[in-house]
Every structure is written in C-alpha cells, then in structure tokens.
Amino acid sequence: MIDFSLKDRTAIITGASRGIGKAIALAFADAGADIVCASRTVADLEQTAVEISGKGRSAMVVKTDTLIKEDIDNMVAAAVKKFGKVDILVNCGARNLPMPLMKMREDGWDKIIDSHLKGYFLCIQAAGQVMMQNKKGNIINIASMMAQVVNPYNGAYGTAKAATVQMTKIFASELSGYNIRCNAIAPGYVKTKMTEPLWSNPEIFKHFTNAIIPLKRFADPSEIAAAAVFLASDAASYITGTTIFVDGGVTISGINRAEFGASMPEHLRL
Ligand code: NAD
C-alpha cells in the first residue's frame with residue numbers, strides 16, 4: 001500500500017487562517033497530523049483550530065507575521081514547546097499587490113518580495129534548525145504558476161515566486177544530507193480571497209474560464225491541499241527539489257486556443 005498518512009506528525013502552516021493555507025491545515029488533520037496554525041489574524045486562526053479539533057487532532061494558534069523574524073522564531077519555539085518537534089513546514093502565508101513593475105513603488109516591491117521570499121526563507125531557517133537536529137523533515141513552499149507564466153500586472157509577485165522555486169531547489173540541496181525534503185507547489189488560479197477580483201466579476205471570470213484556463217474553472221483550495229498531502233507523506237519519499245504545478249493546464253496552454261482559433265477557418269477550429 002502506498003502510504004499517504006501523516007499520522008502523529010507536527011506541521012507548521014503559515015497562512016492557515018484562510019484560503020489555500022487553511023485547506024492544507026484541514027487536509028493534513030484529515031491525514032492524521034497535529035497543526036500549528038500561524039498567521040496574523042487570531043480570530044480566523046482560531047476558527048481553523050476548531051475545525052481541526054473536530055477532526056480529532058491537536059491544533060495550536062500562534063499569531064505570526066512572517067515579515068517579522070521574532071514572530072517566526074516564536075512560532076517555531078511554540079511548536080517545539082507543545083509538540084517537541086517540527087516534522088513539516090508549509091510556507092503559504094503571503095500577499096499580492098497586482099501592479100505593473102513600472103508603476104510599483106519601492107515600499108510595494110519590498111512588501112511583496114519580503115512576504116514571499118524573505119518570510120519563506122526565515123521560516124525555513126528557523127524550522128530547518130529543529131529538523132536538522134532530528135535528522136528528518138519536510139518543507140513545502142507554496143509558489144505559483146506565475147513563477148513561469150509572464151504576467152505584466154504581477155511583476156513583483158512573479159519575480160518572488162520564480163525565486164521561491166529556485167530557493168526551494170537550493171534548500172533541498174543544502175538539507176538533503178539531513179533527511180529533509182524541500183519541494184514547492186505552483187498553483188494556478190485558485191478560488192480564494194486573493195483572486196476575488198477575478199472570480200467575482202462575471203465578465204472577467206468568463207474570460208478566464210473560457211480562454212485562459214484549459215480545464216475551464218478555478219481550482220478549489222482542496223485541490224492544492226491534495227498535492228501538499230502527497231508531498232508531505234512517505235508516498236513522496238524520493239521527491240525533493242521539485243515543483244508540482246497544479247494549474248489546470250495554464251502553463252501548457254501556449255497560444256490561447258479560443259482566441260487564436262477565432263482567426264482560423266471553421267473546419268480547422270478545435
Ligand atoms: P489568501 O489571501 O486567501 O490567504 C493568504 C494568507 O496569507 C492569509 O492567511 C493571510 O493572513 C496570510 N498572510 C499574508 N501575509 C502574511 C504575513 N506577512 N504573515 C503571515 N501570514 C500572512 O490567499 P491564498 O490564495 O490562500 O494564497 C496562499 C498562498 O498561495 C500565497 O502564497 C499565494 O501567493 C499562493 N497562490 C495563490 C494562488 C491563487 O490563485 N489563490 C495561486 C498561486 C499561488
């Protein structure tokens with residue numbers, strides 16, 4: 001039997017208050033893990049913790065801003081104090097500020113690059129120390145298909161996500177001798193607060209689902225969580241330094257089929 005269980009593992013998940021991070025927290029609890037729910041909004045984290053407890057697993061809430069190193073160190077220390085170990089770290093908490101690079105202010109650039117790249121880096125350093133002592137661990141970075149797809153309105157975000165993919169490989173290499181795996185997941189368009197401007201506008205939603213996403217729908221956050229459970233489990237025991245794209249085919253769509261097809265003679269259209 002292939003083993004997808006996370007029974008009795010301790011997982012720190014940043015951004016666990018909503019969206020993809022919350023879906024990963026709940027899926028990990030379903031798979032048997034205890035969860036350290038980290039993010040900035042305690043009330044939302046407590047709701048996630050209640051749902052985890054309802055699944056029979058332990059949950060701890062730690063208010064954490066991943067832009068603040070002291071918060072990150074406290075998050076890892078609190079996890080070790082309660083559970084005695086950190087088996088899994090999922091770096092998910094981050095923000096976006098859609099903006100062409102030519103219009104982006106310096107402080108906006110800093111916020112995006114810091115929340116994705118520096119925050120993930122500091123969390124891996126802090127949790128990685130504990131994993132190195134235990135000679136065992138698993139790190140998952142939530143990147144994005146924007147690491148590969150060029151979107152001129154998401155310049156800082158895409159740059160940070162591309163760097164996240166490379167940082168994942170470098171940490172995987174550094175930590176491989178300690179039995180620690182490090183991988184990334186690159187989601188496509190997922191129905192969360194972050195993408196609300198896209199799915200809440202019927203015209204934009206129709207364009208995305210008709211012309212941009214080959215599978216013709218946004219992902220549910222649970223579909224990203226499924227890849228995270230796989231990577232965190234022993235079913236992925238030989239996978240490190242890679243990025244799994246869960247994007248409904250956006251990165252393989254090439255020339256937009258619907259828009260290009262409109263210029264083709266009827267008998268050649270797909
Ligand atoms: P979301 O806005 O619903 O949730 C973001 C989460 O990150 C929230 O819990 C928020 O509190 C937390 N967060 C933001 N800044 C933080 C900080 N400084 N410290 C701690 N927590 C912080 O968005 P989401 O769609 O669930 O995004 C989660 C991750 O997935 C992000 O890294 C995002 O870039 C990535 N992603 C999302 C999509 C998508 O389509 N939604 C696609 C690709 C990648």
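Where a number appears in this text, it was derived from the coordinates with a stated rule and is not lab data. Everything numeric in this text was worked out from a predicted model, so none of it was measured. Counting neighbours? That spans all protein chains shown, and the Cβs are built from the backbone with ideal geometry, glycine included.
Pairs of Lys residues in the stretch 70-209 are counted when their Cα atoms are under 20 angstrom apart and they lie 8 or more places apart or on different chains; the count is 19. Axis angle, to the nearest 10 degrees, between helix 19-30 and the longest C-alpha principal axis of the chain: 50 degrees.
Pair-distance distribution P(r) for the stretch 1-138, from all Cα-Cα distances in 10 Å bins starting at 0: 13, 42, 31, 11, 3, 0 percent.
Between the helical axis of 221-232 and the longest alpha-carbon principal axis of the chain there is an angle of about 50 degrees.
Helical runs (DSSP H, four residues minimum) scored at -39500 (n - 2.57) apiece and divided by the length of the chain put the mean residue ellipticity at 222 nm at -12500 deg cm²/dmol. Note on the stretch 1-40: along the principal axes its Cα atoms extend 38, 17, 10 Å, ordered by decreasing extent. Beyond 23 Å, what percent of the Cα pairs of the chain remain? Taking all Cα-Cα pairs of the chain, the fraction more than 23 Å apart is 52 percent. Rg/Rh for the stretch 183-248 stands at 1.07; both radii use Cα atoms, and Rh follows the Kirkwood definition. A cut-off under 10 angstrom between Cβ atoms defines the neighbours of G248, and their net charge, with Lys, Arg +1 and Asp, Glu -1, is 0.
Here the alpha carbons of the stretch 160-205 define both size measures, Rg and Dmax, at 16.3, 51 Å.
The ellipsoid equivalent to the alpha-carbon distribution of the stretch 1-74 has semi-axes of 22, 13, 10 angstrom, derived from the gyration tensor eigenvalues as √(5λ) and listed largest first. When +1 charges are put on Lys and Arg Cβ atoms and -1 charges on Asp and Glu Cβ atoms, the dipole computed for the stretch 64-174 relative to its Cα centre reaches about 300 debye. For the stretch 156-270, a Kirkwood hydrodynamic radius built from all Cα pairs, placed in the Stokes-Einstein relation at 37 °C and 0.692 mPa s, yields a translational diffusion coefficient of 201 µm²/s.
The GNM of the chain, with springs linking C-alpha atoms under 10 angstrom apart, assigns the highest mean-square fluctuation among Y178, Y238, Y189 to Y238. Per the Debye formula on identical point scatterers at the alpha carbon atoms of the stretch 95-186, with no solvent, log10 I(q)/I(0) at q = 0.18, 0.20, 0.23 Å⁻¹ is -0.76, -0.87, -1.04.
What the Kirkwood sum gives for the stretch 66-127 is a hydrodynamic radius of 12.9 Å, with every pair of different alpha carbons counted.
Here the Gaussian network model covers the chain, with springs between Cα atoms less than 10 Å apart; of A79, A226, A27, A226 fluctuates the most. Comparing G108, G119, G21 in a Gaussian network model of the chain (Cα springs below 10 Å), the most mobile by mean-square fluctuation is G108.
Each peptide in 192-205, 55-68, 211-224 gets a packing score, the mean of other Cβ atoms within 10 Å over its residues, and the list from highest to lowest is 55-68, 211-224, 192-205.
What's the angle, to the nearest 10 degrees (0 to 90), between helix 42-53's Cα axis and the longest principal axis of the chain? That works out to roughly 80 degrees.
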